[in-house]
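K.L.:
Can you read through this structure? Questions will come right after.
The values are calculated or read from the model by the stated rules, or taken from the named source; none is laboratory data. None of the values given here were measured: they were computed from a predicted structure. Ideal geometry is used to build each Cβ from the backbone, glycine not excepted, and the neighbour counts take in all protein chains shown.
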Amino acid sequence: MKRLRLISGQTLIEVIVALVLVEFALISIASAGVVSVRNGRLARERAEARSIAETIMEGVRLERDADAEGFFARSSGVEPLPTQGSGVVYSPELRYTRIDDDQMQVSVEVSWSVGGGQMHVREESSFNRWQ
């Protein structure tokens with residue numbers, strides 16, 4: 001009588017396929033972590049840029065409240081401001097657009113570099129003579 005041999009264990013091809021599947025799973029998890037860290041950093045930078053823009057706009061409001069005549073006598077134009085930031089180089093720009101004698105449109109744009117591109121945050125407000 002012939003004896004049947006029982007084959008137990010995995011073949012080499014099955015082991016290779018299993019390793020490839022595990023590798024794809026690990027690569028997916030690692031890339032998700034990298035994307036998460038990058039998005040977190042970008043959100044932090046955007047929040048800091050927004051804070052810079054809001055601080056500058058609050059300064060403009062204080063200027064308007066302290067000297068409305070001088071504020072509304074200002075002509076339209078762009079003022080680059082000193083660079084600010086902690087670890088990231090932000091470049092704020094303040095733009096005045098005169099609508100009429102009693103109204104001024106003011107915008108603050110804060111720019112910074114990320115990788116090979118530029119990011120921007122913009123804050124706009126319309127100021128009216130109210131005194």
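Conditions (1) modelled with pLDDT under 85; (2) over 24 Å from the mean Cα position of the chain (by Cα); (3) part of a loop (DSSP other than H, G, I, E, B), marked per residue:
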{"site": "Ser75", "(1), (2), (3)": "yes, yes, yes"}
{"site": "Ser86", "(1), (2), (3)": "yes, no, yes"}
{"site": "Ser91", "(1), (2), (3)": "no, no, no"}
{"site": "Arg98", "(1), (2), (3)": "no, yes, no"}
{"site": "Met104", "(1), (2), (3)": "no, yes, no"}
{"site": "Ser107", "(1), (2), (3)": "no, no, no"}
{"site": "Ser111", "(1), (2), (3)": "no, no, no"}
{"site": "Val121", "(1), (2), (3)": "no, no, no"}
{"site": "Glu124", "(1), (2), (3)": "no, no, no"}
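K.L.:
Out of everything in segment 1-14 that is part of a helix (DSSP H, G or I) and exposed (fewer than 10 other Cβ atoms within 10 Å of the Cβ), what residue ends up being modelled with the highest pLDDT?
P.N.:
Kept after step one, since they are part of a helix (DSSP H, G or I), are these residues of segment 1-14: 12-14.
Then keep just the ones that are exposed (fewer than 10 other Cβ atoms within 10 Å of the Cβ); that gives 12-13.
Values: Leu12: 85, Ile13: 88.
Of everything passing the filter in segment 1-14, Ile13 is modelled with the highest pLDDT.
K.L.:
From the list Val22, Val17, Val60, which one is modelled with pLDDT of 90 or more and surrounded by 13 or more Cβ atoms within 10 Å (Cβ to Cβ)?
P.N.:
Val60 is the lone residue from the list that is modelled with pLDDT of 90 or more and surrounded by 13 or more Cβ atoms within 10 Å (Cβ to Cβ).
K.L.:
Regarding Arg50, is this residue at pLDDT 90 or above and under 13 Å from the mean Cα position of the chain (by Cα)?
P.N.:
yes
K.L.:
Here's something else I'd like to know. Can you give me the number of residues within segment 17-38 that are under 20 Å from Val114 (Cβ atoms) and of a type in the set (S, T, N, Q)?
P.N.:
Going through segment 17-38 one residue at a time, the tally reaches 2.
K.L.:
If you go through segment 54-91 one residue at a time, how many are touching a residue at least 24 places away in the same chain (Cβ under 8 Å) and within 15 Å of Ser126 (Cα to Cα)?
P.N.:
Of the residues in that region, 10 qualify.
K.L.:
For segment 63-110, which residues satisfy the criterion of being surrounded by 16 or more Cβ atoms within 10 Å (Cβ to Cβ), among the hydroxyl-bearing types (Ser, Thr, Tyr) and closer than 22 Å to Trp130 by Cα?
P.N.:
Within segment 63-110, Tyr96, Ser107 meet the criteria.
K.L.:
Can we say Thr11 is of a type outside the set (Asp, Glu) and touching a strand residue (DSSP E or B) at 6+ places or on another chain (Cβ under 9 Å)?
P.N.:
Against the criterion (of a type outside the set (Asp, Glu) and touching a strand residue (DSSP E or B) at 6+ places or on another chain (Cβ under 9 Å)), Thr11 does not qualify.
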